[in-house]
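Student: Would you mind keeping the following structure in view while I ask a few things?
The values are calculated or read from the model by the stated rules, or taken from the named source; none is laboratory data. Treat the numbers as computed from the prediction; the structure is a model and nothing was measured. For neighbour counting, all protein chains shown are included, and Cβ atoms are generated from backbone atoms with ideal geometry for every residue, glycine included.
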Amino acid sequence: MQRNLEVMTLGLLLLISVSSAAGGSAYIYASAVTALGVGNLTTISLNVTPGNGNVLIKGPSSVANDTLFSAQEAVGYAANYLKLNPRSYNFTYFVNYSSVSGPSGGLALSVLAISALSSTPLQHNFALTGTVTTTGNVGQIGGIYEKSLAAVQSKKQFMIVPYALNGTFENSLYYIVQQRLGIPVVKVSNVTQALPYAFGTAKPRPFSYNITQNYHTSLLPTLNLTCQACNTTKFKSLAYTTINLTTAQVAKILGNYSALRGSLTNSLANFTTITNKGYLYTGADLSFLEFSNAYLFANSNFTRNAATTIIANVTNYCNSLSSPAMTSDNYEYVIGGQLRQGWALQTLNNSRSTLASAQTTDDVAQSIYGAATSYAWCTASSKMYKIALGSNSAPVALSNSTIQLIYKSVNASQKYPGLYSQVALSSLNAGKYGAALYNSRYAAVFGNSTFSLYSQSQLSNLTQSNIMNASNGGIWPFEFSAQSLFFLNQALLQQPSGGSLGAMQNAYTISALALGLSSANNVLRSGFIAAPIVPYTNSTTVLNLQSQVSQIYNILFVLCALVFIIFLILIAMFLRPMQSGPIKSVRRPRRQ
C-alpha cells in the first residue's frame, strides 16, 4: 500500500512537471515598416515546447541579430513575469515577413510569450509596436504613422504603442495619428500595461491630449525680486511677443482638434497669469515650448514638399535678421538675439539633414517640428534686436584678453556635445564672442548636471544662494533667477502630491545658469573697449537701398542714352553740308 502511494505521488509530481512545461502556442499582429518606408502588418506566431531554453526565429528569409536578441529578452521577461524557468522550454517564433530586422517587435514578442506560456488567448483586433528592456519597460519606436496606417488598412480596432509624455513631439504625433486615421492609440510604459488590452479584459479608448499642467497660479506669489539695473518693461514686451505668437498659432489649428485647442488655450491663460505675476521669462519659455506642438498640429500635412517649403521659408527669415551694434547698455539683448538666431540656424541644418534621410512620416514631421522651433527662436531674436536698437550709447568691442578668455571657455564647453557647444563654436568662428560665451555657459550647466548629488534641502539652500549672487548680474541672470524662484515655489506648492523633487531640481539647475550668465556678463563688461560705429541695416533697409541704387542706375542709363543721341545728331548736322559737294569760291570784283 505504501509503495503504491509512493508510485502515485511520483506519478502526480511527474504529471505536474510535464504539464507545467507543456507550453503552448499563440499568434499576434505586429506593425512594421518595410525598407521602402511602407507600413506592414506582420503576423508573428510562437510555439512553446518542453526543452532547454533555445530561442529560434524562423521566417521566409532572414532575421537580423537585434531581432533575435529581442526575442531572447522577451522570453526571459515573460518567464520571469510568470515565475517560470525559461530553460525548461524551447521557443520557436515564426515571422510571416520576408526580412526581419530592428528591435521594435520586442513588445509583440513579449506579449506573445506570456500568452503562450500561460495559455491565455490573445485578442486579434489590435496591432502593437515597441521595444522592450529586460525589466519589461517599453521603449520608443519610429514609423508610427505608417504602422498605424497598416493597422487601419487591416481593419484593426486599436494600436498599442510606447508611452510618451504630454507635450512631447512623440505624443503630438500619436495624437495626430489617432485623430487623422480614426484609430484609438493606447500608450503603455510596461509590458504588463499592455496585457489587459491584449487579453481583452480592458476596453481601449482614444487618449485625450491634455497638456494643461497645474502650476498653482492662484497660489503662486507675485515675484518678490528686484533687479537694480534692469528694464523689465522691455523684457515684458519680449515675453508677450512669444505668448502672442503661440496664441496666433493655436488659432490656426483646424479639423478634429477642438479638445486640443481648448487645452492649449487654457495653458496660455496660465502662462499669461505667470507672466503678469512677474515671472516674465518663465511665461515666455512655457509658451515657446507649446509653439512647436501647435505648429505641428496646424501643419500636419507631413509631405516632403511641405516640409521643404517650411524649412526654406524659415531659413530665409532667420538669415534676414541682422544684429545691431553692441553697446554697453544693449549687449544682453544683442547677445540674446544672436544666441537664438544661432540655435535656430543650427536646428534648421539638422532639420534639412533629417528630411534628406527621412524614411518615414515621423522623420518628415520631425523636420517640420525643428523648423517650427527655429521660427519661434528667430521671432524672439528679431524682437531682441529691435529692443537693442533703442540704445543711445556708443558701440563697444571686446579686448583681446577678454576674447582669449572666451576662447578658453568655448574650448572647455566642447566636452558637453549638443546644441549649445555647437553654437558656441560657430559663434566664436563668426566673431560673435558674447554669444559664444553665453553658449559655453549653457553647455556647462545643462551638460554637467549635478543635482543628483544633493538632497532636497541642499538643493533649496544652493538655489537660494545662487539667486542671491546672480539676480543683479543683468537682465538675463535676473530673469533666470526669477524662473528659478518660480520652480522653487512650485516645489513647495506641489509637495503634498510628491512632485516637489523634480521642481526643486529644475530650480537648482536654472539658478546655476543664472549664476553662470552673471559671471559671463562680468567678463564682458570688464572687457568692453570703444569700437567704430557701424550703421545697422536690416533686410528691409538692404532691399530699399538696392532698389534706390537700381533706380539711380536706370536714370543714369537714360541720361547717357540721351547724351549719345544728341551727340549723334550734332555729328549728322556737321556732316550734312559736306555730303552736298565742295563749295565753290566766288571772286568779287575790285573796287575801282
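Student: Among the residues of segment 341-351, is any at negative phi, buried (at least 22 other Cβ atoms within 10 Å of the Cβ), of a type in the set (A, V, I, L, M) and out of contact with any Cys (no Cβ under 8 Å at 6 or more places or on another chain)?
Tutor: No, there is no match, as no residue in segment 341-351 is at negative phi, buried (at least 22 other Cβ atoms within 10 Å of the Cβ), of a type in the set (A, V, I, L, M) and out of contact with any Cys (no Cβ under 8 Å at 6 or more places or on another chain).
Student: Of Gly447, Gly431, Gly418, which residue is at positive phi and touching a helix residue (DSSP H, G or I) at 6+ places or on another chain (Cβ under 8 Å)?
Tutor: On the way: Gly447 fails: at positive phi; Gly431 fails: touching a helix residue (DSSP H, G or I) at 6+ places or on another chain (Cβ under 8 Å).
Among Gly447, Gly431, Gly418, only Gly418 is at positive phi and touching a helix residue (DSSP H, G or I) at 6+ places or on another chain (Cβ under 8 Å).
Student: Restricting to segment 130-146, name every residue that is under 10 Å from Gly39 (Cβ atoms) and out of contact with any Asp or Glu (no Cβ under 9 Å at 6 or more places or on another chain).
Tutor: As a first pass, look at segment 130-146 and keep what is under 10 Å from Gly39 (Cβ atoms): 143-146.
The answer is none; no residue qualifies.
Student: Within segment 74-98, can you find the residues that are part of a helix (DSSP H, G or I) and aliphatic (A, V, I, L, M)? Break it down stepwise before answering.
Tutor: The initial filter retains those residues of segment 74-98 that are part of a helix (DSSP H, G or I), namely 74-81, 86-88.
Ala74, Val75, Ala78, Ala79, listed by residue number.
Student: OK, next. Test each condition in (1) within 14 Å of Tyr333 (Cα to Cα); (2) modelled with pLDDT of 95 or more; (3) not in a helix (DSSP H, G or I) for Ser382 and report the one that comes out false.
Tutor: Every condition holds for Ser382 apart from (3).
Student: List every residue pair whose Cβ atoms sit under 7 Å apart, with the two residues 6 or more apart in sequence or on different chains, where the first one lies in segment 241-263 and is outside any helix (DSSP H, G or I) and the second, anywhere, is of a type in the set (D, E, K, R).
Tutor: What qualifies is Ile253/Arg261.
Student: I want to confirm something. Restricting to segment 352-363 and keeping residues that are of a type in the set (A, V, I, L, M) and outside any loop (DSSP other than H, G, I, E, B), which single residue is surrounded by the fewest Cβ atoms within 10 Å (Cβ to Cβ)?
Tutor: In the first step, residues of segment 352-363 are kept if they are of a type in the set (A, V, I, L, M); the result is 355-356, 358.
Still in the running and outside any loop (DSSP other than H, G, I, E, B): 355-356.
Working: Leu355: 20, Ala356: 11.
Ranking the qualifying residues of segment 352-363, first place goes to Ala356.
Student: Considering segment 406-423 alone, what residues qualify as being under 16 Å from Gly516 (Cβ atoms) and either at pLDDT below 95 or buried (at least 18 other Cβ atoms within 10 Å of the Cβ) (or both)?
Tutor: The answer is Ile406, Ser409, Val410, Ser413, Tyr420, Ser421, Val423.
Student: Go through Gly167, Gly139, Gly130 for me and flag whichever is on the phi > 0 side of the Ramachandran plot, of a type outside the set (A, V, I, L, M) and surrounded by fewer than 24 Cβ atoms within 10 Å (Cβ to Cβ).
Tutor: Selected residue: Gly167, the only one of Gly167, Gly139, Gly130 that is on the phi > 0 side of the Ramachandran plot, of a type outside the set (A, V, I, L, M) and surrounded by fewer than 24 Cβ atoms within 10 Å (Cβ to Cβ).
Student: Given (1) farther than 29 Å from Ser172 by Cα; (2) assigned to a helix (DSSP H, G or I), identify the lone condition not met by Asn293.
Tutor: Every listed condition holds for Asn293 apart from (1).
Student: Which of the residues spanning segment 380-412 are of a type in the set (Ser, Thr, Tyr) and out of contact with any Asp or Glu (no Cβ under 9 Å at 6 or more places or on another chain)? Break it down into steps so the answer makes sense when it comes.
Tutor: Here is the first cut: in segment 380-412, the ones of a type in the set (Ser, Thr, Tyr) are 381-382, 385, 391, 393, 399, 401-402, 407, 409.
Once the filter is applied, which keeps residues that are of a type in the set (Ser, Thr, Tyr) and out of contact with any Asp or Glu (no Cβ under 9 Å at 6 or more places or on another chain), segment 380-412 yields Ser381, Ser382, Tyr385, Ser399, Ser401, Thr402, Tyr407, Ser409.
Student: Let me ask something else about it. For Ala229, indicate whether it is within 31 Å of the chain's Cα centre (by Cα) and assigned to a loop (DSSP other than H, G, I, E, B).
Tutor: Details: within 31 Å of the chain's Cα centre (by Cα): no; assigned to a loop (DSSP other than H, G, I, E, B): yes.
No; evaluated as a whole, the condition is false for this residue.
Student: Now for a separate question. Scan segment 427-455 residue by residue and report those that are surrounded by fewer than 16 Cβ atoms within 10 Å (Cβ to Cβ), among the polar types (S, T, N, Q) and part of a helix (DSSP H, G or I).
Tutor: If the condition is that a residue be surrounded by fewer than 16 Cβ atoms within 10 Å (Cβ to Cβ), among the polar types (S, T, N, Q) and part of a helix (DSSP H, G or I), then Asn429, Ser452 are the ones that fit.
Student: Now, a different point. I need the full set of residues from segment 456-488 which are farther than 30 Å from Tyr331 by Cα, surrounded by fewer than 20 Cβ atoms within 10 Å (Cβ to Cβ) and in contact with a Leu (Cβ under 9 Å, 6 or more places away or on another chain), in order please.
Tutor: If the condition is that a residue be farther than 30 Å from Tyr331 by Cα, surrounded by fewer than 20 Cβ atoms within 10 Å (Cβ to Cβ) and in contact with a Leu (Cβ under 9 Å, 6 or more places away or on another chain), then Gln456, Ser460 are the ones that fit.
Student: Could we say that Asn266 is more than 30 Å from Asn125 (Cβ to Cβ), at pLDDT below 90 and either surrounded by fewer than 17 Cβ atoms within 10 Å (Cβ to Cβ) or among the aliphatic types (A, V, I, L, M) (or both) here?
Tutor: Working: more than 30 Å from Asn125 (Cβ to Cβ): yes; at pLDDT below 90: no; either surrounded by fewer than 17 Cβ atoms within 10 Å (Cβ to Cβ) or among the aliphatic types (A, V, I, L, M) (or both): yes.
In short, no.
Student: Just to verify a result, which residue in segment 173-224, among those that are outside any loop (DSSP other than H, G, I, E, B) and among the basic types (Lys, Arg), is modelled with the highest pLDDT?
Tutor: Taking segment 173-224 as the starting set, the residues that turn out to be outside any loop (DSSP other than H, G, I, E, B) are 173-181, 185-188, 190-199.
Filter once more, keeping what is among the basic types (Lys, Arg): 180, 187.
On the way: Arg180: 92, Lys187: 96.
In this case the residue turns out to be Lys187.
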